[in-house]
Amino acid sequence: MNDDATTELSDDALIRHARAGDLEAFEALVARYERQVYTLVLRIVRQEQDAQDVTQQTFISALEHLGGFRQEATFATWLFRIATHAALKILRKRKGLNTISFEEATEAQPDRDGLPHPEFIADWKQSPAELVTRHETQRLLEEALAQLDDKHRLVFLLRDVEGLSVKETAAALALSEANVKVRLLRARLQLREGLTRQFGDEARRVFSGHQH
Amino acid sequence: MKCEEMLALLNEYVDGTVDPALCAEFERHMAGCNPCQVVVDNIRQTIRLYQDGQPYDLPAPFRDRLHSALRERWKQQSANPPG
């Protein structure tokens, strides 16, 4: 198949061609998702060389296991799961936790504390559509993400950035759905706090008489 | 409904999965509580901003290495198909 033919095909069609031995179809799938996978992984491991290694492992693993892809999830979700597993291995190695199980590493400390209360509350000066075109916005978004604990960042990336369902996020991280929800709420609140301090209009800051 | 209870339901409200009865209560609270309104708005903008951001390009040398590694692995696998 030539490039024009492959770019128009659906994921399912490309997977069928790839399974039938068409390398170009597989490469078209890789080209379609490599940036998303690399960005996800870079945000999890936060180190360029590790991100490249994990991205490569992800696609090699996808190549080797393409026959086992059952289409219960989308191809993208399947890739993000593989990538997350590989990225978590790196995080665990760094923390010296490579001897403990995946479940222990991810579910070690369930969130039982109260939720963080919003402190800086203000309308933003610009809309997300305007902000996204500003060069410095990307840097501020990455900084805010980097402030999150690994466990909160992972859930936010899979659920809100990559669009996995709560159930799929729970499966990818070997967490309960309840735990995913709590972590997601903490991640969203913390990111809101950080971004509102950057983008909020000080003149329109809202103060509440009671605790929020 | 208190602000504290609002906070606990925030995800479900923003994702549109909150129980309809609770949703009405949530909205009644928001109508009279400007800080909560702004927080909900901020959270929506936060999610939107991350969703609208473009993924990063792979550094070109890495992209070349990745694709040649995949072609190599593909050839090996085709030469020795599993099973």
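The values are calculated or read from the model by the stated rules, or taken from the named source; none is laboratory data. Remember, it's a predicted structure, so these values are computed and weren't measured experimentally. Heads up, the Cβs are rebuilt from the backbone with ideal geometry, glycines too, and the neighbour counts pull from every protein chain shown.
Data table
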item	result
Candidate set from segment A:34-77 (those that are buried (at least 21 other Cβ atoms within 10 Å of the Cβ) and aromatic (Phe, Trp, Tyr)); member that is farthest from A:Gln147 (Cα to Cα)	A:Phe59
Selection count where residues are facing another protein chain (nearest Cβ under 10 Å) and on the phi > 0 side of the Ramachandran plot, scope segment A:153-179	1
Given (1) of a type outside the set (Ser, Thr, Tyr); (2) more than 7 Å from chain A (Cβ to nearest Cβ); (3) in contact with a strand residue (DSSP E or B) (Cβ under 7 Å, 6 or more places away or on another chain), number of the condition B:Gln45 does not satisfy	(2)
Pick from segment B:18-70, criterion under 25 Å from A:Ser127 (Cβ atoms) and polar (S, T, N, Q), ranking: surrounded by the fewest Cβ atoms within 10 Å (Cβ to Cβ)	B:Gln54
Pairs where the first residue, in segment A:12-34, is on the phi > 0 side of the Ramachandran plot and the second is loosely packed, with under 14 Cβ neighbours inside 10 Å and at pLDDT below 95, C-beta under 7 Å, 6+ apart	A:Gly21/B:Ser78
Residue in segment A:127-146 that is within 21 Å of A:Leu40 (Cα to Cα), facing chain B (nearest Cβ under 9 Å), among the polar types (S, T, N, Q) and not in a loop (DSSP other than H, G, I, E, B) present	yes
Residue within segment A:9-26 that is within 11 Å of another protein chain (Cβ to nearest Cβ), at pLDDT 95 or above, within 18 Å of A:Ala171 (Cβ to Cβ) and surrounded by fewer than 17 Cβ atoms within 10 Å (Cβ to Cβ) present	no
Set B:Asp64, B:Asp19: member being more than 8 Å from chain A (Cβ to nearest Cβ), closer than 16 Å to A:Phe59 by Cβ and acidic (Asp, Glu)	B:Asp64
Where B:Gln51 falls short, out of the listed (1) within 11 Å of chain A (Cβ to nearest Cβ); (2) touching a residue at least 24 places away in the same chain (Cβ under 8 Å)	(2)
Residues of segment A:64-81 that turn out to be part of a helix (DSSP H, G or I), within 26 Å of B:Gln76 (Cα to Cα) and away from chain B (no Cβ under 14 Å), as a count	3
Cβ-Cβ under 6 Å pairs, at least 6 apart or on other chains, segment A:180-196 side within 7 Å of chain B (Cβ to nearest Cβ), far side buried (at least 24 other Cβ atoms within 10 Å of the Cβ) and assigned to a helix (DSSP H, G or I)	A:Leu184/A:Val155; A:Leu184/A:Arg159; A:Leu191/B:Thr46; A:Arg192/B:Asn42; A:Arg192/B:Thr46; A:Leu195/B:Thr46; A:Thr196/B:Asn42
